[in-house]
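Okay, so here's the structure we're looking at.
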Amino acid sequence: MALIVQKYGGTSVGSIERIRNVAERVAKFKMLGHQVVVVVSAMSGETNRLIALAKEIHKEPDPRELDVLVSTGEQVTIALLAMALKDLGLKARSFTGWQVPLRTDDVHTKARIEHIDDQAMRAALDSGHVVVVAGFQGVDAAGNITTLGRGGSDTTGVALAAALKADECQIYTDVDGVYTTDPRIVPEARRLPTITFEEMLELASLGSKVLQIRSVEFAGKYKVKLRVLSSFEDEGEGTLITFEDESMEQPIISGIAFNRDEAKLTVLGVPDKPGIAATILGAVADANIDVDMIVQNVGANNTTDFTFTVHRGEFKKAMEVLNRVKTEIGAREVSGDDKIAKVSLVGVGMRTHAGVASKMFRTLAAENINMQMISTSEIKISVVVEDKYMELAVRALHQAFDLDKAPAA
Ligand code: ADP
Ligand code: ASP
Ligand code: MG
């Protein structure tokens, strides 16, 4: 007998028929003698619908009340799934975040999980129930409802698996695993039977929305056996996230991630002296804005140009901050661009292979795509390009690195 946590995303519970399908899959695992905890998202489109309603009231809705509102999506699906399970003759009990309780910090709309009390869930499991938990939501120390950020049900699933020391955490979604890149953009993308934890962490942080990054962090920290699978197919191994070291031969590139979530800001003609970067980024940090890529170029007449990227939602705020510090640091000009995209190659094999960057740059040049910024780490290379070229860049790189072809055995 194993303890399995299964998480079903929005599309997988998007209609009554699909909720019944989920119930049937859960029933199969139950019949095999396993204990099952199911985490569900809101029905597809529901979280967006609720956020849009809030925005009709106010452009920037009160975060506490926004969490009260958006958490209702998952409350609907736990109840419906528990009903569907009972309809199949199984014992089932639904749990909202606070009923678990799943304790978080008090940062509304992007709370972090602090503690999960497994007692109530264990008692329900031991009495033969399927435990159905609302994803994405928790409760802070003062009893306020919190949510974990978009895509947060993945994190609920993995965190519950860690807390319950489950044998496996299965993430059921609308694709049958993790692909070399988003199959919606590149139809030739290939499912990866396994991917290393490090690579999955990079892909998630660089924009592959198949798993929320915090869920991957949790899996790494607590060594949760994590698998991504299709909720629409009965067969298939999906993709297993592996933790073994790189003693085996690894492909050089495993996947390509991309995102359009960032904007670029440049401070031009800054006097080139110590402390300038600290002053600029200090002011940005004081406004609670996270910075991603940073590039500094030496310009003419002892000045430099300083460029960095922020989340697109914070672009306006960051521009305001820069226009304020401009005079303080004696810069000539501040400019910004939110029509950018970041494209990243990820692969642990890069550690041992030279020439990946030059091949990436040649491929983009051959398509006449200009690179505005570049950043690298041991296992990734990211470039910023004009956003209208993003899909072209991803397709060209996918082909150039033979990602559509199965690696040689
Ligand atoms: P869910 O609602 O089940 O959480 P998501 O929409 O959050 O599903 O995540 C699944 C989607 O992630 C897929 O439909 C796919 O378009 C997208 N995706 C992006 N990158 C990848 C990738 N490398 N492999 C698989 N899917 C990806
Ligand atoms: N319903 C939430 C969202 O749409 C959480 C999730 O689906 O994982 O972001
Ligand atoms: Mg998701």
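Would you please name the residue that is surrounded by the fewest Cβ atoms within 10 Å (Cβ to Cβ), looking only at residues in the range 27-56 that are within 16 Å of ligand 2 (Cβ to nearest atom) and either among the charged types (D, E, K, R) or farther than 30 Å from HIS129 by Cβ (or both)?
Step by step, filter the range 27-56, then rank; the result is ALA52.
Could you list, in sequence order, all residues of the range 129-154 that are more than 8 Å from ligand 2 (Cβ to nearest atom), of a type outside the set (A, V, I, L, M) and either free of Cβ contacts under 8 Å to residues at least 40 places away in the same chain or not in a strand (DSSP E or B) (or both)?
Listed by number, the residues that qualify are HIS129, ASP140, GLY143, ASN144.
Do we have SER230 as more than 30 Å from HIS353 (Cβ to Cβ) and among the small types (Gly, Ala, Ser) here?
Details: more than 30 Å from HIS353 (Cβ to Cβ): yes; among the small types (Gly, Ala, Ser): yes.
Spelling it out, SER230 is indeed more than 30 Å from HIS353 (Cβ to Cβ) and among the small types (Gly, Ala, Ser).
Surrounded by 15 or more Cβ atoms within 10 Å (Cβ to Cβ) and either more than 16 Å from ligand 1 (Cβ to nearest atom) or of a type outside the set (Asp, Glu) (or both): is that true of LYS110 in this structure? Working first, answer last.
Values: surrounded by 15 or more Cβ atoms within 10 Å (Cβ to Cβ): yes; either more than 16 Å from ligand 1 (Cβ to nearest atom) or of a type outside the set (Asp, Glu) (or both): yes.
Spelling it out, LYS110 is indeed surrounded by 15 or more Cβ atoms within 10 Å (Cβ to Cβ) and either more than 16 Å from ligand 1 (Cβ to nearest atom) or of a type outside the set (Asp, Glu) (or both).
Under 30 Å from SER12 (Cα atoms) and buried (at least 22 other Cβ atoms within 10 Å of the Cβ): does that describe SER254? Before you say what the answer is, go through the steps one by one.
On the way: under 30 Å from SER12 (Cα atoms): yes; buried (at least 22 other Cβ atoms within 10 Å of the Cβ): yes.
Taking the combined requirement at face value, the residue satisfies it.
Would you pick out the residues in the range 179-231 that are open to solvent by 50 Å² or more (accessible area, probe 1.4 Å), of a type in the set (Val, Ile, Thr) and within 13 Å of ligand 1 (Cβ to nearest atom)?
The one that is open to solvent by 50 Å² or more (accessible area, probe 1.4 Å), of a type in the set (Val, Ile, Thr) and within 13 Å of ligand 1 (Cβ to nearest atom): ILE213.
Quick check on this structure: which one of VAL321, VAL385, VAL343 is part of a helix (DSSP H, G or I), among the β-branched types (Val, Ile, Thr) and out of contact with any His (no Cβ under 6 Å at 6 or more places or on another chain)? It would help to see each step written out before you state the result.
On the way: VAL385 fails: part of a helix (DSSP H, G or I); VAL343 fails: part of a helix (DSSP H, G or I).
The conditions single out VAL321.
Restricting attention to the range 142-178, and to residues there that are out of contact with any strand residue (DSSP E or B) (no Cβ under 9 Å at 6 or more places or on another chain) and within 28 Å of GLU24 (Cα to Cα), which single residue is farthest from ligand 1 (Cβ to nearest atom)? Give the derivation first.
Step one: filter the range 142-178 for residues out of contact with any strand residue (DSSP E or B) (no Cβ under 9 Å at 6 or more places or on another chain), giving 142-144, 149-151.
This time we only want the ones that are within 28 Å of GLU24 (Cα to Cα), so: 150-151.
On the way: ARG150: 9, GLY151: 5 Å.
So the residue we want is ARG150.
Please enumerate the residues belonging to the range 155-178 that are over 19 Å from ARG122 (Cα atoms) and either in a helix (DSSP H, G or I) or open to solvent by 20 Å² or more (accessible area, probe 1.4 Å) (or both).
Within the range 155-178, THR155, THR173, ASP174, VAL175, ASP176 qualify.
Scan the range 57-107 for residues that are closer than 27 Å to GLY313 by Cβ, open to solvent by less than 70 Å² (accessible area, probe 1.4 Å) and part of a loop (DSSP other than H, G, I, E, B) and report the count.
Of the residues in that region, 5 qualify.
Mind checking which residues of the range 380-407 are modelled with pLDDT under 95 and open to solvent by less than 70 Å² (accessible area, probe 1.4 Å)?
Of everything in the range 380-407, just one residue is modelled with pLDDT under 95 and open to solvent by less than 70 Å² (accessible area, probe 1.4 Å), namely ASP404.
The values are calculated or read from the model by the stated rules, or taken from the named source; none is laboratory data. Computed from a prediction, not measured in an experiment: that's the story for all the values here. Don't worry about glycine lacking a Cβ; one is built from the backbone with ideal geometry, like all the others, and counts go over all protein chains shown. These area figures cover heavy atoms from the full protein model, side chains too; ligands, DNA and RNA do not enter into them. Shrake-Rupley method; radii C 1.70, N 1.55, O 1.52, S 1.80 Å.
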